[in-house]
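Worksheet for the structure shown next.
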């Protein structure tokens with residue numbers, strides 16, 4: 001899964017990085033190749049409570065992403081068997097659209113976060 005920073009300047013993979021809240025900022029670190037730094041600020045919020053809410057949002061989206069990955073892995077194998085018998089699976093394109101939606105989390109603006 002990818003996360004796009006609030007200022008849209010960074011697109012970060014969730015692989016092997018850590019997210020945390022420091023004061024009112026959501027920060028990730030463990031990133032290699034970022035200009036003289038091992039961390040970036042993904043978003044800045046008015047309060048620490050809002051930053052914590054955004055961290056909760058990232059967790060929820062990541063959980064959905066992992067469940068979708070697991071489901072689609074099993075579904076694609078089943079789909080090949082079903083289609084070989086000339087039976088079409090309804091809803092496959094909707095599943096792909098839903099999966100794409102969960103692939104990138106856009107950090108919300110401060111005004112979009114309600115605590």
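The values are calculated or read from the model by the stated rules, or taken from the named source; none is laboratory data. If you're wondering where the values come from, they're calculated on a predicted model, not measured in any experiment. Here Cβ is always computed from backbone atoms with ideal geometry, including for glycine, and neighbour counts include all displayed protein chains.
Quick check, is residue 88 touching a helix residue (DSSP H, G or I) at 6+ places or on another chain (Cβ under 9 Å), at pLDDT below 95, surrounded by fewer than 11 Cβ atoms within 10 Å (Cβ to Cβ) and farther than 22 Å from residue 5 by Cα? Explain how you work it out, then say what you get.
Working: touching a helix residue (DSSP H, G or I) at 6+ places or on another chain (Cβ under 9 Å): yes; at pLDDT below 95: yes; surrounded by fewer than 11 Cβ atoms within 10 Å (Cβ to Cβ): yes; farther than 22 Å from residue 5 by Cα: yes.
Yes; evaluated as a whole, the condition is true for this residue.
Among the residues of the range 37-53, are any without any contact (Cβ under 8 Å) to a residue 40 or more places away in the chain, surrounded by fewer than 16 Cβ atoms within 10 Å (Cβ to Cβ) and assigned to a loop (DSSP other than H, G, I, E, B)?
Yes: one or more hits.
Of the residues that make up the range 55-71, is at least one modelled with pLDDT of 70 or more and more than 28 Å from residue 8 (Cβ to Cβ)?
Among the residues of the range 55-71, at least one is modelled with pLDDT of 70 or more and more than 28 Å from residue 8 (Cβ to Cβ), which makes the answer yes.
Is at least one residue of the range 5-22 over 12 Å from the mean Cα position of the chain (by Cα), more than 21 Å from residue 113 (Cα to Cα) and at pLDDT below 75?
Checked the range 5-22: no residue is over 12 Å from the mean Cα position of the chain (by Cα), more than 21 Å from residue 113 (Cα to Cα) and at pLDDT below 75.
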